[in-house]
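Okay, structure first, notes after.
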Amino acid sequence: MHTINIHNLIKLEISDDIARLAVKQIKRFNTGPFNKSASDHDLFTLKISKRHTPTPPKTLGVDLAFKVGDDYLEGKCSYKFSNWRYALTCHHENCWEFEISGDVFSSLAWPFRTLGPLIRLILLKRGCYFFHSAGFFNGKNAVMLMAPSGTGKTLTSLHWLCEGGKIYSDDTVMIRKNKLIPTIRRLSFWEYRYRNTPEVLPANMPAFSELDQKKMKKYQLAQKLTGGYVGLGLGLDVELYWPGCRAPEAPPKRIIALQKGRGFSVATPEEDELKIFFNRLMGDLAFQNIMIMRLADAATLTGKLQFLGAREFFKSYSNMLSTLFQDCEVLKVTVPMRYSRENFEQLKALIYK
């Protein structure tokens, strides 16, 4: 039995019958040892075990089929090459069981496609909000850098860390009690993205450890063997490379909305632009949480289990976003398609502003 702590709010109990590859993926959710003050009574317990059912047949697309009983939901998923079946059972309000079966590829996919959204839903019920954003501490307050995938959140975070800055996350920030909470433990270094443009990396990049160098060579080989289809990011231990980089809890005071364009420019967004940005963030949230939408649909159509209030999930996020936009200064920043080190200096100045 493996036990994993998530922010001293959720305890995952992983059965020994779960594949080692899946356990390794699930352990990425771990946020460290339990606080001595945390008791089992305060924790939401989610038990994860293997469901002894046949492997789901191969299908195309994402299968949204499910069935619901008085205290359980069963569903099937297909994602790229992997297929899996799951069952969620409510033992009591603070203890649910998540049973899984699938093919070998599902061990890579289902922890993030199915378990990840479920964890976010449980954390939301405990007052934690997650946003697709990087978070920085400028010495007084927190600054959020909201941007679509591939726009530069992680690369900006890398520059910030290499200059001694403190960070909350490079991709997904957590807000609790109106403050950003540091959640960063590892930073994804997408080596294959920077291979042909090393000039975008910080001039003082740290030398990788021998272990990380070996991992990078394996990832490079995997990318070659798959014709570039599989590109894995090297997870850099931030405390190893940048000791003391975790930011203190602080309220967010500025939101930088990043977008790609022809050059670097800064502007205050118009009201209509804020609405577009708001809707884009909500659409991104829905896309990342298909599992939660499925739970909400199941509860609505069957009138049975409400599944932790999944329908309220998006409404609560919408209210939180509205509050954020009201309380924070919002800047619309356009960056060129290919970054230069000067652009990172300009972004740094906006964070410190």
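Structural remarks
- On Cα atoms only, tilt of 116-125 relative to the major axis of the chain in degrees: 90 degrees
- For the peptides 285-297, 22-34, 126-138, the ranking by packing is 126-138, 285-297, 22-34, with the highest mean count of neighbouring Cβ atoms within 10 Å listed first.
- Among 302-308, 114-120, 213-219, sorting by the average number of other beta carbon atoms lying within 10 angstrom of each residue, highest first, gives 114-120, 302-308, 213-219.
- Partners of LYS67 within straight-line reach, counting lysines whose Cα lies under 16 Å from its Cα and excluding those fewer than 8 residues away in the same chain: LYS76, LYS304.
- DSSP-defined antiparallel bridges as percent of all bridges, the stretch 225-353, nearest 5: 25 percent
- Calculated FRET efficiency for the pair LEU221/ARG126, C-beta based, R₀ 56 Å, to 0.05: 0.85
- On a per residue basis, the stretch 115-202 carries 35 Å² of accessible surface, using protein heavy atoms and a 1.4 Å probe.
- Efficiency of FRET between TRP190 and ASP70 - r from beta-carbon atoms, R0 56 angstrom, step 0.05: 0.75
- Computed over the alpha-carbon pairs of the stretch 61-171, the distance histogram in 10 Å steps reads 12, 29, 28, 21, 9, 0 percent, short to long.
- Angle between the chain longest axis and helix 290-302 axis [Cα atoms, degrees, rounded to 10]: 40 degrees
- Of all DSSP beta bridges confined to the chain, the antiparallel ones make up roughly 65%.
- For THR300, neighbours were defined as the other residues whose beta-carbon sits under 14 Å from its Cβ, and their charges (Lys and Arg +1, Asp and Glu -1) total +2.
- Helix 311-327 axis, angle to the chain major axis (alpha carbon atoms, nearest 10°): 20 degrees
- Dipole in debye (nearest 20) - the chain, about Cα centre, beta carbon charges: Lys, Arg +1; Asp, Glu -1: 580 debye
- Residue (of SER133, LEU73, LEU123) at the positive-pole extreme of the stretch 58-192, dipole from beta-carbon charges: SER133
- In the full protein context, the stretch 243-312 carries 55 Å² of accessible surface per residue, based on a 1.4 Å probe and ignoring ligands, DNA and RNA.
- Fully extending the segment from ALA203 to SER316 would add 36.5 nm, taking 0.36 nm per residue of separation and subtracting the current Cα-Cα distance.
- If you model the chain as an ellipsoid using its alpha carbon gyration tensor, with each semi-axis the square root of five times an eigenvalue, the axes come out at 34, 25, 21 Å, biggest first.
- ³J(HN,Hα), Karplus 6.51/-1.76/1.60, whole Hz, each residue of the stretch 196-205, x for Gly, Pro: 8, 9, x, 5, 7, 7, x, 5, 10, 4
- Shown for the chain: the carbon plus sulfur share of the solvent-accessible area, taken with all protein chains present and a 1.4 angstrom probe, equals 53%.
- Spin-label model distance (nm) - LYS80 vs LEU232, 7 Å beyond Cα toward Cβ: 1.2 nm
- In this simple spin-label model, placing a label point 7 Å from the Cα along the Cα-to-Cβ direction at both ASP17 and LYS353 gives a separation of 5.7 nm.
- When the helices of the chain are scored as -39500 (n - 2.57) per DSSP H run of n ≥ 4 and the total is divided over every residue, the value at 222 nm lands at -10000 deg cm²/dmol.
The values are calculated or read from the model by the stated rules, or taken from the named source; none is laboratory data. These figures come from a predicted structure and were not determined experimentally. Reconstructed Cβ throughout: ideal geometry from the backbone, glycine too, with neighbour counts over all protein chains shown. Heavy atoms of the whole protein, side chains included, go into the accessibility calculation; ligands, DNA and RNA do not. Shrake-Rupley method; radii C 1.70, N 1.55, O 1.52, S 1.80 Å.
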